[in-house]
Amino acid sequence: MDGPIWITLAVLFAILTISMIVLLPPALSRLPANTQRRIGWSLAGALLMVSIYGGWRLHGAALDAVNTTQGSNCHSNVRNLASTVGMYAADADDTLPLADYWLDRLKVYATEDVSFQCPAAKEFGYAFNRKLSEAKLGKIEHPDQAPLLYDSSNLTANANDPFTSLPNRARHGRNNVAYADGHVQPISADASP
């Protein structure tokens with residue numbers, strides 16, 4: 001939001017409102033009727049334009065707030081899913097789930113704060129890196145650079161691919177990616193996998 005624009009709009013709105021309500025009626029009573037109508041319509045039009053512009057800016061700010069909230073919730077979901085993968089691996093001899101059934105396998109370990117659905121997607125919205133299917137956690141080279149779970153344009157359950165389905169147009173301005181070491185990092189939509 002641009003502060004000076006909002007200050008200018010607020011001052012202009014206040015001046016127009018005061019003019020129309022307090023100062024205008026006595027001044028208009030001394031003018032011919034057709035001039036009164038023209039001035040009244042001009043001020044009403046200006047007030048309407050300022051209101052429309054202010055509403056448009058406010059709507060944009062509200063959409064930004066929703067997008068930011070969804071992005072934070074998605075980041076949290078991906079982090080919780082990565083923790084759930086860690087619990088699964090701990091019980092499976094340090095082995096990650098089979099990519100084709102990763103979601104089904106994790107449901108057993110999920111607590112009520114784990115969501116399998118991105119808040120901005122109609123269904124699911126996360127994918128598992130097929131390259132890590134049934135991999136041993138201890139044998140993954142550079143686990144801090146190996147994507148494990150991520151925002152995906154594939155909205156089916158158990159979505160998996162070799163880290164190729166990141167949405168081109170990120171749902172939250174950035175795509176959330178959990179790595180094999182457990183950390184989650186948002187990456188820009190134009191970052192190549």
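The values are calculated or read from the model by the stated rules, or taken from the named source; none is laboratory data. All values derive from a computational prediction rather than experimental measurement. All Cβ positions, glycine included, derive from the backbone under ideal geometry; neighbour counts span all protein chains shown. SASA here: full protein model, heavy atoms, side chains in, ligands and nucleic acids out. Shrake-Rupley method; radii C 1.70, N 1.55, O 1.52, S 1.80 Å.
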With charges only on Cβ, +1 for K and R and -1 for D and E, what is the dipole size of segment 116-193 about its Cα centre, in debye, rounded to 20? 140
Highest mean first, how do 149-155, 92-98, 75-81 rank when packing is the count of other Cβ atoms within 10 Å averaged over residues? 149-155, 75-81, 92-98
How big is the charge dipole of segment 102-145 about its Cα centre, in debye rounded to the nearest 20, if each Lys and Arg gets +1 on its Cβ and each Asp and Glu gets -1 on its Cβ? 220
What do you get for Rg/Rh over segment 90-193 if you use C-alpha atoms and the Kirkwood form of Rh? 0.94
Sort Tyr101, Tyr126 by heavy-atom solvent-accessible area, probe 1.4 angstrom, most to least. Tyr101, Tyr126
How are the alpha carbon pair distances in segment 132-193 distributed across 10 Å bins from zero to the largest one, expressed in percent? 23, 52, 24, 1
Estimated inter-spin distance, Asp91 and Val114, nm [label 7 Å along Cα→Cβ]: 0.8
Sort 171-177, 142-148, 106-112 for me by packing, meaning the mean count of neighbouring Cβ atoms within 10 Å per residue, highest on top. 171-177, 142-148, 106-112
